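Supplied in structure tokens, the structure appears directly below.
The values are calculated or read from the model by the stated rules, or taken from the named source; none is laboratory data. Source: prediction; values computed, not measured. Cβ placement follows ideal geometry from the backbone for every residue including glycine, while neighbour counts extend to all protein chains displayed. In case anyone asks, the SASA skips ligands and DNA or RNA and just uses the protein heavy atoms, side chains included. Shrake-Rupley method; radii C 1.70, N 1.55, O 1.52, S 1.80 Å.
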Amino acid sequence: MYNILVCDDDKEIVKAIDIYLSKENYKIFKAYNGNEALNIIKNNEIHLVILDIMMPEKDGIETLEEIRKEYTLPVLMLSAKSEDSDKIIGLDLGADDYVTKPFNPMELIARVNSCIRRYTKLGAIEVKEGSKTYKSGDLLIDDTLKKVIVEGKEVKLTPTEYNILLFLLKNKGTVFSINQIYENVWKDEAYAAENIIAVHIRHIREKIEINPKEPRYLKVIWGIGYKIEKID
Amino acid sequence: MKNSKVLRGICYVLMPILIAVFILSSCYMYLINEGNYGSEQEFFNSDMFKSSYMNRIRDYMHELIFAQSHYITVQDGERTIYYTDWNNMYDMKDFMDVVVIYGNKVLTNVKFSENTDTLEEIKNVVLEDKGNNLCYENNQYSSNLENFTEDIDEYLKYDEITYYTNDNKVKEVVNIYSEDDLVIEETTEEVELVNGEEVLENTNSMANTDMNKVEYHTAKIEDFTFYSSFNKNLDKSSEISMVINTMNTLKPYHTLISISFPISAILILIMTIYLINAIGHVKGKEEIEITDFDKVPLEIIIGIFLIILIGSTYIIFEGISFPNLNMDIRCILLSTFYIVNMILAEVTGVTIIKRIKAKQFLDTSICGKILKWSWSLCKKSIKRIIDLFKKFRNKLRSIKKAFNENTNLTKKLIVIICAYIIVAVILLGVLGPIGAIIDLAVFFYAIYQVILRLNSFKKLEASLKKIYEGEKVVLNAEDFTQEFEKSITYINDISNGFENAVQESLKSERLKTELITNVSHDIKTPLTSIINYVDLIKKENVENEKVKEYIEILDNKSQRLKKLTEDLVEASKASSGNVSLNFENIGIIELLNQLLGEYKDKFEEKKLEVISNLPKEDIKIKADSRYLYRVIDNLFGNISKYALDSSRVYIDTFIKDNKINITFKNISKERLNITEEELMQRFVRGDKSRTTEGSGLGLSIAKSLTELQKGTLSCKIDGDLFKVEIEFNIA
């Protein structure tokens, strides 16, 4: 049982999140402004804070700054502000994730789970010695078992998808164009590769990402290629 | 009555008769009243005869004295006698004679034409002559001439004729005809005359003061005495005797003729008026009747008439003057002549009246046509001249206006030029060559000044162009001549104003974007609740099918509202350029392939067959990868939303002028009843009902973003074919 603090000036939203997360066996603490949130954090053991930005009295950014002065607990920003600059500010100030309103409840739950996992069981997955494993953040491929594990859960991929993902993960952080991927995975001259690769990549993304439109691991660099983000 | 042909015919017949009566009676009345032709005696006493006679005598004398050529001269010692052939004056021979007395012989009607150019010859003629028409008796001349000579006296006084006396004296030299004819020397003792000779001529009583009467014109040469006199018995065939005879015949009918004169005059007048009114009118017709004859050019008719008239007149008068012609034949000739010409005159007159009445007078005559034509020509040319004049006047006005508007400048210029010319001339005059050099220097200086100003103009134009292109311009007054001081101020002000306006509009655009962003935040918060609670309801076990259906609608619409608010912010940012771009080399073909992969399932879902014609080699362009993605994403999104199911989608690329052009073609599901321009506007979709998914901002965002990345996007609608072209510079 993990404790999650939801802080938003809109009571209905707080209540909705309460409903969703309670079903996931989280204990929910509610706060309607920054000061309340800080009090609750001070008096309870909180494992995750979901924080709105635009709030009365003390807004989300100030609250986040206060939290970060004392705590390392994960903070998930939940805001109607969807500008890149807003996200950058939030993440730079120490937020662990940023979800924009209106949000997809399933995505929120997934992201909450992800944050909690990393906060509580970071590095908990045991990797057998001698096996060929490749890893970026919570994405892990065990090449001996031909398994893909994302955030502790195994994901089923087709052999082609597996090969593509493996190739990208082996060279994580490097961008490969469609043709390069084709040549390296198929070991063949790229011919009419075009969107075959693109389709596979999308399928992989849909399987391993919480929100395929905003991928965390398998990133699309439009007009250039694809890469696996290097996450330590 | 107007249309009566009979009446008109009577008029035509009566007219010549009445005119003849009128002419004859008026002549008769005239002659009677003048009294000259009542009898021979009266005729000779009449003024008409006297003046005629005296004129001829005078002519004769004058010519005898002064003219040479056709006058015969007779040399008489130191004197010369001039005379002419009487036959040359045949019109006088009816009643005038020259009487030649030689010795006791008196001759009249001497035919001097027969080479009688010496006195000897004249003498011979006289002697041989039997002395016809003699009127000399006992050294006395016919006394019936006395009255005549008295009249002549009167006449001569009146007419002022110079007479030359036989005593070599000139008396009362006044005018002869005109002063030009003769050099007049008043009261000179000796008179120099033609050929430097003194001419002893006809004696005149005026010359001799002791003689009161002019007897007749005499000339004494040696033994000869010349008299000019009359033939008292008129030749029976002469015109005058004819007239006198006629008058004598007519005298008994004096009263009748006196009456017929006014009556014929009145009748002619009435008939003329009637005919003028009636001619051309036909029963039952309003308009004037025109026959083919009336269309013959008037000149031809009048010409024929005149030829006949003149010709017959000539023939008649030649014929009449033929001396031995019988009186009756003459009468017949004259009447024929009269009748023929009268008929012709009537015919001509009638057609003229008809033409005038039918308003065809000018059209049926050559002269009229020419007149009309020249009149229209005249009018045209007058109009043209007036136009020219107007143009000229306008030109003058504009010049004047220019002068008035630039009074100071113009006046200044005129004064300067005048002053320059004067000074230049003076300098040239006073200093000579040095002056010329100074003049030239001043002239070149002036040209330099003009060039300076022209340069200022050029600079001014350049700066105006800069403003036109949207650049900020700050002009320095020192770079210009002083005339441009105001212009520079104005231009700087305009540039500033322009800059401010641009800033202002940018600011307002930014404020608008900010406003939209904030509003969208405010919308998003309640929207979050809506979406979440709809989702929660969905997860409850709802039994009611209707409720389920309603929830589904709520879910759809709330999702659309979410998309709409996101797009709204993006569109506002893109159109105001309020985005930060990160340009890098992007492979456009790679991007297209990536996105085709993304959309493959969606297209397949709608059974859209994508036929892409992309080059094998990637083509790099300078763009922001995220925004370029948004552009293509929007276009593909549109295709997946609006393309007709089971149709083909074409994606073609070609390179031209270092530009890559990508064309997307698809068949629209809905009828596209809007224009390309409308489609580009925000919130416009192919279907105006707005029931389908999407915000209507996609194309607008794509266009704005393309333009922000220095590309172009255009779309074309051709029936159901929807075509989007984007173009980027190749990096």
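Looking only at the range B:562-690, where both bridge partners belong to it, what percent of the DSSP beta bridges are antiparallel (to the nearest 5)? Write out the running numbers ahead of the final one.
Details: 12 of 17 bridges.
Looking only at bridges with both residues in the range B:562-690, the antiparallel portion is about 70 percent.
Let me ask something else about it. Protein chains only, probe 1.4 Å: how do B:660, B:434 rank by accessible area, largest first? Spell out each step's value before the answer.
Working: B:660 0, B:434 105 Å².
Order by accessible area, largest first: B:434, B:660.
Still on this structure: How large is ³J(HN,Hα) for each residue in the range A:24-41, as worked out from phi by the Karplus curve 6.51 cos²θ - 1.76 cosθ + 1.60 (θ = phi - 60°), to whole Hz, x for Gly and Pro?
After applying 6.51 cos²θ - 1.76 cosθ + 1.60, I find 8, 6, 9, 8, 9, 10, 10, 9, 10, 7, x, 5, 4, 4, 4, 4, 5, 4 Hz.
Check which residues have an amide H placed less than 5 Å from residue A:230's amide H, if you skip close sequence neighbours.
A:173
Going by Cα centres, the range B:525-597 and the range B:357-375 are how many Å apart?
First find each Cα centre; the distance between them is then 93 Å.
Something else: How about the range B:285-391: which trypsin sites (Lys or Arg not before Pro) there lie in a loop by DSSP and see at most 10 other Cβ atoms within 10 Å? Write down the numbers at each step before the final one.
Values: sites: B:285, B:295, B:330, B:354, B:355, B:357, B:359, B:369, B:372, B:379, B:380, B:383, B:384, B:390, B:391; in loops: B:285, B:359.
Sparse-neighbourhood loop trypsin sites (Lys or Arg not before Pro): B:285, B:359.
For the full complex of protein chains and a 1.4 angstrom probe, list B:558, B:312 by accessible area with the highest value first.
Values: B:558 5, B:312 25 Å².
Sorted by accessible area, descending: B:312, B:558.
May I pose another question? Cross-link partners among lysines for residue B:512, C-alpha distance below 21 Å, same-chain residues fewer than 8 apart left out?
Once the sequence-local lysines are set aside, what remains near residue B:512 is A:81, B:524, B:562, B:563, B:573, B:703.
Accessible area of the range B:472-578 with a 1.4 Å probe: how many percent of it is carbon plus sulfur? Numbers along the way, then the final one.
Values: 3630 of 6700 Å².
Whole-percent figure for carbon plus sulfur exposure: 54.
Let me ask another. Compute the FRET efficiency between residue B:296 and residue B:399 as 1/(1 + (r/R0)^6), taking r as their Cβ-Cβ distance and R0 = 51 Å, and round to the nearest 0.05.
Working: r = 58 Å, r/R0 = 1.13.
Step by step, r from the Cβ atoms, then E = 0.30.
Projecting each Cα onto the charge dipole of the range B:505-602 (Lys/Arg +1, Asp/Glu -1 at the beta carbon, about the Cα centre), which of B:551, B:528, B:594 comes out farthest on the positive side?
Projecting each Cα onto the dipole axis, the largest value belongs to B:528.
At a probe size of 1.4 Å, how large is the accessible area of residue A:188, to the nearest 10 Å²?
80
Still on this structure: Could you pull out every one of the lysines with an alpha carbon less than 17 Å from that of residue A:30, ignoring same-chain neighbours closer than 8 positions?
Of all the lysines, those that pass the test against residue A:30 - Cα under 17 Å, at least 8 places apart if same chain - are A:11, A:15, A:42, A:58.
Moving on to the next point. So what is the relative contact order of chain A, in percent, for Cα pairs below 8 Å that sit 6 or more residues apart?
Contact order relative to length: 12 percent.
With every protein chain kept in place and ligands, DNA and RNA left out, what is the accessible area per residue of the range A:34-124? Probe 1.4 Å, answer in Å². Can you show the working numbers first?
Details: 3920 Å² over 91 residues.
The answer is 43 Å² per residue.
Which far-off residues, 5 or more places away or on another chain, put their amide H under 5 Å from the one on residue B:610, with H placed in the peptide plane?
Those qualifying (amide H under 5 Å, at least 5 residues apart or on another chain) are B:649.
Oh, and also: For the pair A and B, how large is the buried accessible area, both sides, in square angstrom to the nearest 100, if the probe is 1.4 Å?
Details: alone 12580 and 45940 Å², together 55370 Å².
When A and B are taken together, about 3200 Å² of accessible area is lost.
Just grab the label-to-label distance for residue B:359 and residue B:716, each label 7 Å out from Cα along the Cβ direction, in nm (one decimal).
6.4
Can you send over the solvent-accessible area of residue B:344, 1.4 Å probe, protein chains only, in Å² to the nearest 10?
40
Ignoring ligands and nucleic acids, what accessible area does residue B:469 show with a 1.4 Å probe (Å², nearest 10)?
Ignoring ligands and nucleic acids, residue B:469 comes out at about 110 Å².
Measuring from a point 7 Å past the Cα of residue B:285 along Cα-to-C-beta, which residues in the range B:362-379 have an amide N at less than 18 Å?
Residues passing the 18 Å test: B:364.
Here's something else I'd like to know. I need the phi-derived Karplus couplings for the range B:308-316: 6.51 cos²θ - 1.76 cosθ + 1.60, θ = phi - 60°, integer Hz, Gly and Pro marked x.
5, 4, 5, x, 5, 4, 4, 4, 4
Would you please give the residues with an amide H less than 5 Å from that of residue A:5, counting only those at least 5 places away or on a separate chain, with H modeled from the backbone geometry?
Hits under the 5 Å cutoff: A:29, A:47, A:48, A:49, A:50.
What is the average number of partner chain Cβ atoms found within 10 Å of a Cβ in A:179-185?
Working: counts 5, 0, 0, 0, 0, 0, 0.
So the per-residue partner count for this stretch is 1.
Evaluate E = 1/(1 + (r/R0)^6) for residue B:313 and residue B:389, where r is the Cβ-Cβ distance and R0 equals 60 Å; express this FRET efficiency to the nearest 0.05. Mind dumping the intermediate values first?
Details: r = 52 Å, r/R0 = 0.87.
The calculated FRET efficiency here is 0.70.
Now, a different point. How high is the FRET efficiency between residue A:158 and residue B:504 when r is their beta carbon distance and R₀ equals 45 Å, given to the nearest 0.05? Don't jump to the answer; show the numbers that get you there.
Details: r = 59 Å, r/R0 = 1.30.
So, using R0 = 45 Å, E works out to roughly 0.15.
Can you give the helix-only mean residue ellipticity at 222 nm for chain A, where every DSSP H stretch with n ≥ 4 adds -39500 (n - 2.57) and the sum goes over all residues, rounded to the nearest 500 deg cm²/dmol? It would help to have the intermediate numbers written out before the result.
Details: 8 runs with 96 residues, N = 232.
Rounded to the nearest 500, it is -13000 deg cm²/dmol.
List, in order, the whole-Hz ³J(HN,Hα) value for each residue of the range B:292-303 obtained from phi through the Karplus relation with A = 6.51, B = -1.76, C = 1.60 and θ = phi - 60°; use x for Gly and Pro.
4, 4, 6, 9, 5, x, 4, 4, 5, 5, 5, x
Could you order A:146, B:562 by accessible surface area, starting with the largest, using a probe radius of 1.4 Å? Spell out each step's value before the answer.
On the way: A:146 125, B:562 50 Å².
Of A:146, B:562, the descending order of accessible area is A:146, B:562.
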